[in-house]
1. Of all residues in region 75-127, which are among the β-branched types (Val, Ile, Thr) and assigned to a loop (DSSP other than H, G, I, E, B)?
2. So, residue 85, is that one touching a residue at least 24 places away in the same chain (Cβ under 8 Å) and in contact with a strand residue (DSSP E or B) (Cβ under 6 Å, 6 or more places away or on another chain) or not?
3. Working carefully through the options 135, 109, find the one that is free of Cβ contacts under 8 Å to residues at least 40 places away in the same chain, surrounded by fewer than 20 Cβ atoms within 10 Å (Cβ to Cβ) and farther than 30 Å from residue 384 by Cα.
4. Scan region 124-146 for residues that are within 19 Å of the chain's Cα centre (by Cα) and either farther than 22 Å from residue 171 by Cβ or among the β-branched types (Val, Ile, Thr) (or both) and report the count.
5. What number goes with the only condition from (1) of a type in the set (A, V, I, L, M); (2) more than 18 Å from residue 87 (Cβ to Cβ); (3) without any contact (Cβ under 8 Å) to a residue 40 or more places away in the chain that residue 39 does not pass?
6. Can you pull out the residues in region 236-261 that are buried (at least 17 other Cβ atoms within 10 Å of the Cβ) and among the aliphatic types (A, V, I, L, M)?
7. Are any residues in region 195-235 free of Cβ contacts under 8 Å to residues at least 12 places away in the same chain, over 21 Å from residue 362 (Cβ atoms) and not in a helix (DSSP H, G or I), and if so, which ones?
8. Please note which helices (runs of 4 or more DSSP H) are completely contained in region 302-369 and include at least 2 residues that are assigned by TED's automatic domain parsing to the domain that holds residue 187 and closer than 20 Å to residue 235 by Cβ.
Amino acid sequence: MNIVQVGPYPLFADCIKGGVESSVFGLAQELANSHIVDVFDLPRIGGKDIVERKGSLTIHRYANTGKYNQDAVDRGKEMLRDIVALHPDIVHIHGTGLISSVLYKAIKSYGIPVLLTVHGLLHVEKKNALLKHPSLKHLYQLIVQSRTEFDVLNEADHIIVDTEYVANQIKHLHAKKKITHLPWMYVVPQGIQSHFLTLQPINTKQQYILSVGSISRRKGHLLLIKAFEKVHRAIPDVHLVIAGTLTENEYFSQMQREIEKLHLSQFVQIHSNIAQEDLLTHYQKASLFTLHSQEESQGIALVEAMAVGLPVVSTTVGGIPFVVKDGETGLLSMYGDVDAFADNLIKLLKNDDLRKRMSQDARNAAQSYSWQNIAEAIETIYGRILTNTPKGARVTD
């Protein structure tokens with residue numbers, strides 16, 4: 001089968017930034033074991049036009065010649081030309097942003113079978129950001145990105161979502177007539193790289209709490225730091241490590257000021273844009289994993305942590321309860337309830353038997369998220385689409 005994947009693909013395998021990059025990378029690598037796979041990376045500011053061939057896997061990269069991400073759409077015509085020229089059996093597009101929407105509609109018009117993966121709804125993310133932190137910027141993002149997202153959802157015939165939570169959100173949008181068309185939906189979680197399933201813990205004298213997620217307001221790191229202050233008072237020698245891609249500089253500054261204000265500089269480390277090898281070491285040293293997120297569709301970092309055997313302390317928002325089973329693989333509390341969140345961290349740090357039981361349950365639960373399992377499920381979906389979708393004329397000029 002000739003498969004085209006469209007979405008952000010990491011520049012370096014040892015430095016994957018974000019859940020979507022991780023998904024596109026993991027799925028492409030696995031599918032390439034038995035299919036011909038071409039990945040079309042989204043145009044990058046400061047990037048180069050280049051084609052990288054690695055056996056049956058080929059990565060096509062494009063430079064964004066403008067100053068903003070929206071300028072990437074200008075390269076869409078060339079990307080479309082190159083995709084159609086490959087005569088793919090199916091095109092799999094990741095994301096509901098502007099360039100994904102434009103390419104989806106264009107590829108569909110050629111009669112080529114096309115599938116869309118929704119990695120969380122931008123409408124929900126931007127709406128939550130506006131409600132919790134009102135600003136003209138957040139209002140603008142909500143209006144513009146929601147319109148684009150609704151447009152592609154109305155065009156889509158088949159979509160993959162990573163949790164039932166996202167499926168329910170799309171059904172809600174349809175009920176509210178935000179979208180007029182309800183596509184076929186398949187719930188397939190995002191997978192994790194195989195090395196997470198074999199990582200062994202590194203014993204240390206000190207207890208470490210690890211949090212992995214982009215340095216942004218949505219991940220709730222500032223509230224985590226406030227909760228950690230209470231944890232530190234109860235367990236003085238505990239340390240907190242926060243690792244993730246820096247996406248909001250002002251929020252990062254707020255986190256640093258809060259750490260200094262609470263006199264936690266010796267006990268809290270923040271690593272932005274960390275290399276994969278260093279990140280894996282932090283997973284191995286940690287006693288448990290935490291994320292005080294205000295919105296998640298699935299949360300790949302949660303599954304990575306579970307695979308390493310880390311119990312999870314997180315919030316009850318979005319798709320997290322579909323991934324982390326409260327009382328079994330972790331402990332959940334309401335977003336913004338700093339005291340309850342801190343109490344859950346303390347409970348797990350002080351109870352070795354509970355932590356060990358949840359560690360084993362977490363490892364067991366994470367096994368089903370291997371990319372081999374995920375790719376097999378997605379291949380089945382490809383087969384259904386190809387069986388029921390008549391192929392139109394292939395135009396290459």
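1. If the condition is that a residue be among the β-branched types (Val, Ile, Thr) and assigned to a loop (DSSP other than H, G, I, E, B), then 96, 112 are the ones that fit.
2. no
3. On the way: 109 fails: farther than 30 Å from residue 384 by Cα.
Selected residue: 135, the only one of 135, 109 that is free of Cβ contacts under 8 Å to residues at least 40 places away in the same chain, surrounded by fewer than 20 Cβ atoms within 10 Å (Cβ to Cβ) and farther than 30 Å from residue 384 by Cα.
4. Counting residues in region 124-146 that are within 19 Å of the chain's Cα centre (by Cα) and either farther than 22 Å from residue 171 by Cβ or among the β-branched types (Val, Ile, Thr) (or both) gives 2.
5. So the condition that residue 39 fails would be (2).
6. 238, 240, 241, 242, 243, 255, 259
7. 205, the sole residue that qualifies.
8. none
The values are calculated or read from the model by the stated rules, or taken from the named source; none is laboratory data. Please read these numbers as outputs of a predicted model, since none were measured by experiment. Cβ sites come from the backbone with ideal geometry, for glycine too, and all protein chains shown count toward neighbours.
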